[in-house]
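Novice: Below is a structure I'd like to ask you about.
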Amino acid sequence: MYFTEPKIDELLNTASVVVFDMNGTIIDDELIQLQAVNIALSPFHYKIDEVYWGENCVGRRAEEFITTFFEKKLNAPLPQLKRIIESKEQAYETLLRKNLPSILQKGAIDLLKHLNNHPNKKKLALATSSSRNNVDILLSVNSFTSKSSFDLIICGDNLAKAKPDPEIYLKVRNFFKEESSFLVFEDSGFGVLAAKLAGLRCIAIPNRFTVHQNFVIADLVISDLSRHAHIIGSKYRSTHK
């Protein structure tokens with residue numbers, strides 16, 4: 001038993017494959033993502049605020065929301081997108097190295113350790129739109145579970161389409177075969193939709209930037225990944241009496 005709330009623990013225990021998103025789920029990095037974007041935008045004298053970030057950027061690829069920002073928000077021609085993305089990635093990697101492990105989400109390490117030591121060993125996957133380089137930075141943290149703990153790692157480098165397209169979770173499903181029972185942990189509405197479109201069960205863990213997003217299709221919505229997490233919303237029919 002990991003979660004003290006029976007419904008959450010039951011959903012976890014009935015899964016043979018547990019899948020984690022990274023940004024916003026394992027690490028609380030939205031503020032440094034925003035900071036990195038604004039560093040990249042600073043030469044153009046533009047800045048994205050927290051409200052716009054939460055409503056338009058979280059869960060989307062940088063090239064998507066930066067293009068939208070220039071074309072729709074500012075009604076201005078888009079400058080060199082590639083240069084902005086590269087600048088954003090460089091700034092983000094610097095901030096990520098500086099802030100880890102302090103931005104690890106509450107309970108993330110304990111849950112991963114529990115799953116790695118589970119009597120009925122579960123398969124673990126990391127499915128993120130982030131780059132492989134960013135994943136490697138995360139996995140280099142001493143307090144983090146070793147890379148070998150994940151049976152599969154899929155990064156944005158390997159994807160043609162971003163969430164909410166289900167491509168990333170279809171890749172996970174195909175790798176472990178369809179007879180497996182899956183459970184995904186996601187923090188954004190786009191992430192939950194991608195998981196559900198791939199036919200996978202999904203628990204949402206909203207953060208301060210995603211708390212007002214639509215999680216109605218999630219099987220459970222919970223407060224965090226700690227043992228004492230509580231249920232915020234549910235459509236999961238538990239067999240627990």
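The values are calculated or read from the model by the stated rules, or taken from the named source; none is laboratory data. Bear in mind the structure is a predicted one, so any value in this text is a computation, not a measurement. So basically every Cβ, Gly included, is an ideal-geometry build from the backbone, and we count neighbours across all protein chains shown.
Novice: Regarding Phe150, is this residue among the hydrophobic types (A, V, I, L, M, F, W, C) and over 21 Å from Asp187 (Cα atoms)? Lay out the reasoning, then the answer.
Specialist: Details: among the hydrophobic types (A, V, I, L, M, F, W, C): yes; over 21 Å from Asp187 (Cα atoms): no.
Answer is no for this residue.
Novice: How about segment 1-57: which of its residues are farther than 19 Å from Lys122 by Cβ and in contact with a Gly (Cβ under 7 Å, 6 or more places away or on another chain)?
Specialist: Once the filter is applied, which keeps residues that are farther than 19 Å from Lys122 by Cβ and in contact with a Gly (Cβ under 7 Å, 6 or more places away or on another chain), segment 1-57 yields only Glu30.
Novice: Just to check your reading of the model, which residue among Val184, Val216 is of a type in the set (A, V, I, L, M, F, W, C) and either closer than 16 Å to Val18 by Cα or touching a His at 6+ places or on another chain (Cβ under 7 Å) (or both)?
Specialist: On the way: Val216 fails: either closer than 16 Å to Val18 by Cα or touching a His at 6+ places or on another chain (Cβ under 7 Å) (or both).
The match here is Val184.
Novice: Confirm whether Ala36 is over 17 Å from Val192 (Cβ atoms), small (Gly, Ala, Ser) and buried (at least 22 other Cβ atoms within 10 Å of the Cβ).
Specialist: yes
Novice: Among the residues of segment 76-89, write down those that are in a helix (DSSP H, G or I) and over 20 Å from the mean Cα position of the chain (by Cα). Full working, then the answer.
Specialist: The initial filter retains those residues of segment 76-89 that are in a helix (DSSP H, G or I), namely 81-89.
Passing the criteria: Leu81, Lys82, Arg83, Ile84, Glu86, Ser87.
Novice: Another question, then. Applying the selection to segment 152-180, what residues are closer than 14 Å to Leu124 by Cα, in contact with a Leu (Cβ under 6 Å, 6 or more places away or on another chain), surrounded by 15 or more Cβ atoms within 10 Å (Cβ to Cβ) and not hydroxyl-bearing (Ser, Thr, Tyr)?
Specialist: Ile153
Novice: Among the numbered criteria (1) assigned to a helix (DSSP H, G or I); (2) farther than 24 Å from Asp219 by Cβ, which one does Ile8 miss?
Specialist: (2)
Novice: On the basis of being at pLDDT below 90 and either surrounded by 13 or more Cβ atoms within 10 Å (Cβ to Cβ) or among the basic types (Lys, Arg) (or both), does Phe20 make the cut?
Specialist: The answer is no for Phe20.
Novice: Now for a separate question. Can you pull out the residues in segment 181-212 that are surrounded by fewer than 22 Cβ atoms within 10 Å (Cβ to Cβ) and either closer than 20 Å to Leu104 by Cα or among the basic types (Lys, Arg) (or both)?
Specialist: Correct list: Lys196, Arg201, Asn207, Arg208, Val211.
Novice: Ok, one more. Mind checking which pairs have a first residue in segment 210-229 that is closer than 21 Å to Gly199 by Cβ and a second that is crowded, with 23+ Cβ neighbours inside 10 Å and of a type in the set (Gly, Ala, Ser), Cβ under 6 Å, 6 or more apart or different chains?
Specialist: From residues that are closer than 21 Å to Gly199 by Cβ, the pairs are Phe215/Ala204; Ala218/Ala204; Val221/Ala204.
Novice: Separate question: Pairs only if they're at least six apart or on different chains, beta carbon under 6 angstrom, first in segment 1-29 and hydroxyl-bearing (Ser, Thr, Tyr), second surrounded by 18 or more Cβ atoms within 10 Å (Cβ to Cβ) and part of a loop (DSSP other than H, G, I, E, B); list them, first residue then second.
Specialist: Filtered contacts from segment 1-29: Thr25/Asp187.
Novice: Still on this structure, please answer the following. Looking only at segment 34-48, filter to residues that are modelled with pLDDT under 95 and not β-branched (Val, Ile, Thr); which one of those is nearest to Phe209 (Cα to Cα)?
Specialist: Lys47
Novice: Can you pull out the residues in segment 192-241 that are aromatic (Phe, Trp, Tyr) and at pLDDT below 90? Full working, then the answer.
Specialist: Going residue by residue through segment 192-241, those that are aromatic (Phe, Trp, Tyr) are 209, 215, 236.
Matches in segment 192-241: Tyr236 only.
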